[in-house]
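Take a look at the structure below.
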Ligand SMILES: Nc1ncnc2c1ncn2[C@@H]1O[C@H](COP(=O)(O)OP(=O)(O)OP(=O)(O)O)[C@@H](O)[C@H]1O
Ligand SMILES: [Mg+2]
C-alpha cells in the first residue's frame, strides 16, 4: 500500500482557542479511513484543512508524497480531493441537477455566446444518480424543498460526480435511514474497488465497524490513536474517544407502569404528506414513529406542532385543541426538536445564550425586560446538563461544532415543563456520551409524566427506548409494534409496505 | 479568527469617524474643531439619526423602509397644518405622530400579510405618501406657525438644543428596547432566521408590523423637528432622507441580510455623514462634490466591512 495523504504536526486555533494540536497521521491509498471523536473534538476542522477550506497553523500536508499548500477549496478539488460537509452547502433556490453541477455547468454555444444547457445537465445528473443507484431524488425540485435525506443524497451525488480520488464525508449518514445508508455503503464499496480513498466520519460506531478498514480517534483536538478495525473492539474505540470506559450505549429502561390516561389523541389527520393518521399517546409513554425517508413522519411531527397545515382533530388530555401556529402548541405544552437544525432550530448568527433564550423569554423576563441573571443561569444549567462544548455563552452558534449546535437546540426545551415532546432525530450528529445523556433525559421526562413522540431513523435507539412503535410508509401508518418482540427487520418490513405495489 | 472580523465590523466605524474628525481638525482647526461646531453637527445629524434608528429596526428584520423620508415630509405638513388650523400645538403633534405610526403600520401590513418584498412595498408607499403630501398642502409650504411649534427644532434646554435632547432620548430608548427587552430579541431573531423564530413561538407578523410602525414613529418625530427647524412645512422637505438613514445604518455595521447590528454603530454612522457634510461645507467644497464624496465614503466603508467578513470569517 502507498500513502496518499500524510498530515504532519498540524494545529489550528480560533480566536485563541486551540481546537487541533500536533496532529500526525497518514492515509493509505484505497482504504476507507474512519475518523471518530466526541462533539467538538476537531474532526470537521481537520477535514476542512485537508480540503483547503481552512489554513493550518504550522505543520505540513503531503499528498502522494509531495507537500501541498491549499489556499482554497478549488486547489484541493484540482488535486482530486472533495469534501461533503456536515452541514449542507446546497444553493436553496437551485434544482437538484443544478446543484450537482454547480460551478461546472454544462453550456452550449449559440451565436458564440455560452448558454447553460439545462437539458444536458439534467441528463448527465440523471446518469450520475443512476450509476450510483440513487433513484428516488426528485431531480427537478429546488434544494430548499428537499427532505434532509434527499439533501444529503444530493450532496453525495455532487461529490461523486467530480471523480475525485480522495473523498471526504463528514457525517453523511446522520440524516439517512437504514435503507439509504445501505445504499451509500454499497456505493462506497464500489468506489473502493475502483481505488478511491475515502475518509468517513460518523457517530454511529456500528457503521464504522461495518465498513471501515482503519479508524482514527480524536479527543479534545488531539490524536489519540489509529487502529486497524479488525484489531480493535467497539468498547476500546469508545474508551479512546471519551477517555473512560462506557458499559452500555443505552441507559437502563426504568421499570414503570404506563397508565391508560390519554395524553394526546390524533384523529384522522391528513395533509399532502400523510393520510388519515390516527393514534393515541398515553401519559408518560415513549411512542416511536419509524419509517423510511419521505414516509411522512417528519411532516406529521411538524403538523402537530403547528408548523404545517393539516386537516383532522387533535385532542390534548381529552380536550379538542386548535393548533395552527407553533405558539399555540407551545402554550399547550407541546414542544418540537426539529429534524433540520439550521432550517428550524437555530438563528445561526446569534449567540448560544440568545438561541437558548428565544422560546423561553417569557420565563426570563418581567414587564418585557429580559433578566440577564435568569437567562445566564438557565443557559449555563442546560449547557452543563448536556455537556455542550462552547467557548462562552456569547459564542455565535454558527461557530459551534455540529453536535454542539444540536445540543443547543435540545437544551432550549429543557427549561420548560412540557406535556408532550416531539423529538425528530434528537440525537442526529451527537456523540455517544451525549446520546446516553439524551436517553437519560427522555427517561427522566417520562417518569415525570411527560409523553414523548420519538421520530428517529436509528432503529437501534427506536427499539431500545420506545414503549410502542408505529411504522409509517407512504404517509400511512402500516403497523403498530411492541419493541419487546420486534427486530429491525420487522420494522423495515412495515416501512416498505405499499411501496412495492 | 472570527472575532477580528467582528471587531472590525463593530469598532472599525469608530476609527472611521475619528479619522474623518482628525482630518477636518487639521484642515480647519479654527472653524471645525470647536465645541459650538460640534453642537451644530449634532443638531444637523439629529433628524437623520432619528430616521436611521427607525430604519435600523426594519433592516434588522432583513427589510428596508424607503418611505421614511416621505413619511417625515407628510408628518411635518400635517403637524404644521393641524397646529395652524386648531391653534393647538398638542393636536398638531398628535396628528403628526398618528399619521407616522399609521403609515408605518400600513407598510408592515403589506410586508407581513401581502408578503410583498419590503423594497417594493415601501417604494410604492413612498410614492403614494409623497403624492398625499402634495395633495394635502396643494403643493404650497405651510407658514405662520406659532412660536411654540418653532421651539421643538430651534429651542434649547440648558443651552442644549432641544432636537439633540430628543435624539439622545430616542437613542437610549432604542438601545434599551433592542438590547434589553424580549421584543428586541424577537427583532434580531426574526431577521436572523424567520422559520426558526416561528418555531420558537415568536409571532412573526406582530414583529414585522411593529418594526415598520416604529420606523414610522421615528420618521414622524424627525419630520416634526424638520418643519419646526425650517419654521415652515415644505411639501418636499423629507425627500432623500431615507437614503441617508439607510446609509447611516449600513455604515454602522448592521447587516442588510438582517439579524446583526449595533445601535451605537448607527449613531456613529449618522455622525460620519453629518461630519462629512459639515467639514466639507467649512472647506468650501461645492454641494455637488459633497454628494460624490459622501457616496464614495459609504462605498469604501461597506467594502471594508464586507471584505473583512469574507476574508476573516473562515
Ligand atoms: N469558525 C469557528 N470559530 C470559532 N470556533 C470554532 C469555529 N469552527 C469550529 N470551532 C470550534 O472548534 C471546535 C472543533 O469543532 P469541529 O467542528 O471540528 O468539531 P467536530 O469534531 O466536527 O464535532 P461534531 O461531532 O459535533 O461535528 C469546536 O469546539 C468549535 O466550537
Ligand atoms: Mg463535525
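Observations on the model:
- Any chance residue A:53 is buried (at least 16 other Cβ atoms within 10 Å of the Cβ) and within 14 Å of chain B (Cβ to nearest Cβ): yes
- The strands (runs of 3 or more DSSP E) falling completely within the stretch A:1-93 that include 3 or more residues that are within 15 Å of ligand 1 (Cβ to nearest atom) map to A:3-14, A:17-28, A:32-37.
- Count of the stretch A:191-206 residues which are closer than 25 Å to residue A:147 by Cβ and without any contact (Cβ under 8 Å) to a residue 24 or more places away in the chain: 0
- Of all residues in the stretch A:413-424, those being at pLDDT below 90 and either touching a helix residue (DSSP H, G or I) at 6+ places or on another chain (Cβ under 8 Å) or at positive phi (or both) number 5.
- The single condition among (1) more than 14 Å from chain A (Cβ to nearest Cβ); (2) part of a loop (DSSP other than H, G, I, E, B); (3) surrounded by fewer than 24 Cβ atoms within 10 Å (Cβ to Cβ) that residue B:237 does not meet is (3).
- Which listed residue, of B:254, B:266, is outside any helix (DSSP H, G or I), at negative phi and under 15 Å from the mean Cα position of the chain (by Cα): B:254
- Taking the numbered list (1) within 16 Å of ligand 2 (Cβ to nearest atom); (2) closer than 16 Å to residue A:174 by Cβ in turn, residue A:90 passes all entries but (1).
- With respect to the conditions (1) closer than 30 Å to residue B:173 by Cβ; (2) out of contact with any strand residue (DSSP E or B) (no Cβ under 7 Å at 6 or more places or on another chain); (3) within 14 Å of another protein chain (Cβ to nearest Cβ), residue A:377 lacks only one, and its number is (3).
- Residue A:57 being over 16 Å from residue A:8 (Cα atoms), in contact (Cβ under 8 Å) with a residue 12 or more places away in the chain, away from ligand 2 (no atom under 16 Å from the Cβ) and out of contact with any helix residue (DSSP H, G or I) (no Cβ under 6 Å at 6 or more places or on another chain): no
- Residues in the stretch A:7-50 that are away from chain B (no Cβ under 14 Å), more than 16 Å from ligand 2 (Cβ to nearest atom) and in contact with a helix residue (DSSP H, G or I) (Cβ under 7 Å, 6 or more places away or on another chain): A:10, A:30, A:32.
- Scope the stretch A:235-286; condition part of a helix (DSSP H, G or I) and surrounded by 13 or more Cβ atoms within 10 Å (Cβ to Cβ); matching residues: A:236, A:237, A:238, A:239, A:240, A:241, A:242
- The set of residues in the stretch A:402-419 being away from chain B (no Cβ under 14 Å) and either buried (at least 24 other Cβ atoms within 10 Å of the Cβ) or within 13 Å of ligand 1 (Cβ to nearest atom) (or both) consists of A:402, A:403, A:404, A:407.
- Qualifying residue in the stretch A:99-110 (condition: within 14 Å of another protein chain (Cβ to nearest Cβ), at pLDDT 85 or above and away from ligand 1 (no atom under 16 Å from the Cβ)): no
- Output for the stretch A:354-371, where each listed residue is within 15 Å of residue B:199 (Cβ to Cβ) and more than 8 Å from every other protein chain (Cβ to nearest Cβ): A:355, A:356, A:360
The values are calculated or read from the model by the stated rules, or taken from the named source; none is laboratory data. Predicted model only: the values in this text are computed from it and were never measured. Counting neighbours? That spans all protein chains shown, and the Cβs are built from the backbone with ideal geometry, glycine included.
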